[in-house]
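Engineer: One structure is given below, represented as structure tokens, and several questions about it will come after.
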Amino acid sequence: MAVTRLFGAKVKRKEDPRLLTGRGKFTADIHLPGTVYAYFVRSTHAHARIKLVDVSDALKVEGVVAALTGQDIKDALGAVPTAWLIPGADLKVPKYMPLAVDRVRYVGDPYAVVVASSPYTAADGAERVKAEFEPLPSVTNPEKAVQPNAPQLYDEVPNNTAFVWRASGGDVEGAFSRADIVVKQRMVNSRLQPAAIETRGVLAVYDRYSEKATVYMTSQNPHVHRLLLSQITGMPEHRLRVVSYDVGGGFGSKIHCYGAEAVVLYLAMKLGVPVKWIETREENFKSTIHGRDHVQYVEAAATRDGKVLGLRVRSYANLGAYLSTAAPGIPTILFGPMLSGPYTIQAIFVEVIGALTNTAPVDAYRGAGRPEATYILERVMDLVARELDMDPVEVRARNFIPREMFPYRTPIVLTYDSGDYERAFRKALELAGYERWREEQKRARAEGRLIGIGLSSYIEICGLGPSAVARATGFGLGLWESTIVRVHPTGKVTVFTGGHPHGQGEETTFAQIVADKLGVPIEDVDVVHGDTDLVPFGMGTYGSRTTPVAGGAIAVACDRIIEKGRKIAAHLLEVREEDMAFEAGRYYVKELPERQKKIQEVALAAYAAGANELPPGVEPGLEATAFYDPSNFTFPFGTHVCIVEIDPETGQVKILKYVTVDDCGNQINPMIVEGQIHGGVLQGLAQALYEEAVYDENGNLLTSTLSDYLVPTTVEAPDIITDSTVTPSPHNPLGVKGVGEAGTIASTPAVANAVLDAIAHLGVRHIDIPLRPEKILRALGKL
């Protein structure tokens, strides 16, 4: 699609004025008369049998209006569903109750709730709850959890093994038998805490007159939350409204349905007054889902000239204490098929063991499966290069899929849509000054300085869409997306979308799509999302799917409006429909372009609906509904280059230069694309250098505050040089591919490879992330 006046323009974000001037509406900002506040009583044991929970003293606290235990509500609320039931893996789904009933299974597991006139009074009441526990042995490491002698979380899940998922393609044994070298490495993809700036929250209100409930909440997918809350509480779906206004970041953590959300809704129904709960930061770190946490055993078969023939991967995926909403699919469906990356690896075998542990549940976190696969591949490319004494650039170049091979079928299921991987790769090397830095590295080593250059070439699966594929993998619903585009009588436009942007900027980019398609001013387009009573059922925002799939739906709806408008304009101008053209907001007669009608005039005629305005058989109004189900995923790609210097005395890592060249297809708003890349890079380098969720041997989370869990700030943020190539997706109506997770996927291995390259000549082969100073010094024999 050619870049036009608005599509492809660096338009300032429409949502920013309200957010920057304090006029945003977040869940905590909503205040209803008579609201009471919930406080959850959470386990301080990683694993224990509940012997007694007594709330009688809590009820004596002035202002406390209710106090309930898991036992009290076990018959009123159903289990929290797991919505991705992967097939062929002997999946076992243990019962996940909104409040623990018989056992607590991680530190932070809620087993009671106190409701009071203020959050502080509720907290006071929670301190009065008496509980007796029988401590049980616990296990937090996924590799240890599946051993026969490990502590068991559930009688019905032997060896804590929720599933064993396998996938393969090509002649794996043949690839290894033909190999000149086999590189082996154990890798740990560290556990992360999403740490969105806004914690989770819920405000539920029940109207006894209409028997309807409204839930205001922090959600990435309000309709999905409505469906799951309906299943847990028994509230009929058509009587339940979920509203999510502004959301202060999600990174995947607000996709999932949590037991606490259902409890708050139940309390509102039971008490007949609004009930509110806003998560504290400590609760957020202990009880909101975590991400990643894989222990991976990797073998790569390669030839002497650096061609990678095959991969074998065994991954122990930590799932936490319960199977969260999408947990089974993240380390399997979104991980295994991506082990080809941008390379012509013809033979792959992958086995994933899903382990239940006494930790917070683990689910989708920015990138979700793709970062774990990319980290393996990009470390493998460097390890192969080192084993063969080759430049990592040369090894990658010898393995890239050539552009003439697209669409490209991978060994495991996928068909890549389009790509020119080497072009983006060479552009990144040029921008980084790769050869110059290699020369500088030689000089630095002679002086005792430690400079490293790291590369990361990635591809990711985005536009999570094709419903037939989603359902075949066990996903609970199809992954289409919906929209209503309504042109009002004056030509103003409202877009109702099932997507739910929460920082990605789609109130702007969606308006750009519509303004560009219909030829109206962008100021005349409003985008409405996040309210299940206003917008059609939609699947929400995650997996870099909103622009490709929801944007695709909007493009289709606009095309339908244009076609209906063509009929009306032809009637108004008394010509045949086929004689009409549409461009830049006006319909005109092809042979007499001065004879024209603006889309605003056509809109007014559509609503006036007189005999002279509407042709026979055409309904009044000018709007269109579209449910867009893509025929394939989209596959963005790119290369990142990172240059670092390590202080040999302190182990501190300083990023000297960071370059990104990303290809997300056609760019609707390059400024927003750049912002997404910047944020993603910072999150990814945080995993490489700083962030890690750490449990002690007793299952206590040691990183339960921002003092212990290092989220990078502007102080740690490097200057990032961004550039792009453009390879449109051939099957997407807009040619777009998605960009929200690219920076996170690419940056972790780029930074890790740079750090390890800086000390490779000193005999260091591999260090598990995060690459903190003490780890580096220990590897150098200085600790």
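The values are calculated or read from the model by the stated rules, or taken from the named source; none is laboratory data. All of these numbers come straight from a predicted model, not from anything done at the bench. Every residue, glycine among them, receives a Cβ derived from its backbone with ideal geometry; neighbour counts consider all protein chains shown. Quick note on the areas: whole protein, heavy atoms, side chains included, nothing else; ligands and nucleic acids left out. Shrake-Rupley method; radii C 1.70, N 1.55, O 1.52, S 1.80 Å.
Engineer: So in segment 409-528, what percent of DSSP beta bridges are antiparallel if you round to the nearest 5? Please list the in-between numbers first.
Structural biologist: Working: 6 of 10 bridges.
Rounded to the nearest five, the antiparallel share is 60 percent.
Engineer: Let me ask something else about it. On a straight-distance basis, which aspartates and glutamates could pair with LYS567 in a cross-link, Cα separation under 16 angstrom, same-chain partners fewer than 8 positions away excluded?
Structural biologist: Leaving aside aspartates and glutamates fewer than 8 places away in the same chain, those within reach of LYS567 are ASP559, GLU577, GLU578, ASP579, GLU583, GLU601, GLU613, GLU619, GLU623.
Engineer: Roughly to the nearest percent, how much of the accessible area of the chain is carbon and sulfur, given a 1.4 Å probe? Could you put the intermediate results ahead of the total?
Structural biologist: Details: 14440 of 28510 Å².
C and S atoms contribute 51 percent here.
Engineer: In the chain, if the dipole is taken from +1 on Lys/Arg beta carbons and -1 on Asp/Glu beta carbons about the Cα centre, which of PHE425, SER138, PRO501 is farthest to the positive end?
Structural biologist: Of the listed residues, the answer is SER138.
Engineer: Taking every DSSP beta bridge that has both residues in segment 255-400, what percent is antiparallel when rounded to the nearest 5? It would help to have the intermediate numbers written out before the result.
Structural biologist: Numbers: 10 of 21 bridges.
Of all bridge pairs located within segment 255-400, approximately 50 percent are antiparallel.
Engineer: Let me ask something else about it. Tally the DSSP beta bridges in segment 642-762 and give the antiparallel ones as a percent, rounded to 5. Kindly include the intermediate steps, with their values, before the conclusion.
Structural biologist: Values: 7 of 12 bridges.
Taking every DSSP beta bridge with both residues in segment 642-762, the antiparallel ones total about 60 percent.
Engineer: Mind listing the phi-derived Karplus ³J(HN,Hα) values for segment 145-155, rounded to whole Hz, using 6.51, -1.76 and 1.60 with θ = phi - 60°, and x for any glycine or proline?
Structural biologist: Couplings: 5, 8, 6, x, 9, 6, x, 9, 7, 9, 5 Hz.
Engineer: Between segment 314-356 and segment 135-174, how many Å separate their Cα centres?
Structural biologist: Result: 13 Å between the Cα centres.
Engineer: Quick one: order HIS238, HIS640 from most to least accessible surface, probe 1.4 Å.
Structural biologist: Numbers: HIS238 140, HIS640 0 Å².
The most accessible residue leads, giving HIS238, HIS640.
Engineer: Mind scanning LYS597/LYS737; LYS10/LYS564; LYS254/LYS737 and naming the pairs with a C-alpha gap bigger than 28 Å? Spell out each step's value before the answer.
Structural biologist: Details: LYS597/LYS737 34 Å; LYS10/LYS564 30 Å; LYS254/LYS737 23 Å.
Long pairs (Cα-Cα over 28 Å): LYS597/LYS737; LYS10/LYS564.
Engineer: From largest accessible area down, sort MET390, MET338; use a 1.4 Å probe on the protein chains. All intermediate terms of the calculation are to be shown ahead of the outcome.
Structural biologist: On the way: MET390 30, MET338 5 Å².
From most exposed to least exposed: MET390, MET338.
Engineer: How about LYS14: which lysines have a C-alpha closer than 21 Å to its C-alpha, ignoring those fewer than 8 places off in the same chain?
Structural biologist: LYS25, LYS492, LYS517
Engineer: Can you give the accessible area of LEU762 in Å² (nearest 10), computed on protein heavy atoms with a 1.4 Å probe?
Structural biologist: 90
Engineer: Same structure again: Cut-off under 30 Å on the C-alpha distance; same-chain residues fewer than 8 positions from LYS51 excluded. Which lysines are left, in chain and number order?
Structural biologist: Cross-link targets: LYS60, LYS74, LYS92, LYS95, LYS130, LYS144, LYS270, LYS276, LYS286.
Engineer: Dipole of the chain, Cα-centred, from +1 at each Lys and Arg C-beta and -1 at each Asp and Glu C-beta, to the nearest 20 debye? Each step should come with its number before you reach the end.
Structural biologist: Working: 81 positive and 93 negative charges, 62 e Å.
Rounded to the nearest 20 debye, it is 300 debye.
Engineer: Can you give me the Cα centroid spacing of segment 32-80 and segment 658-729 in angstrom?
Structural biologist: 37
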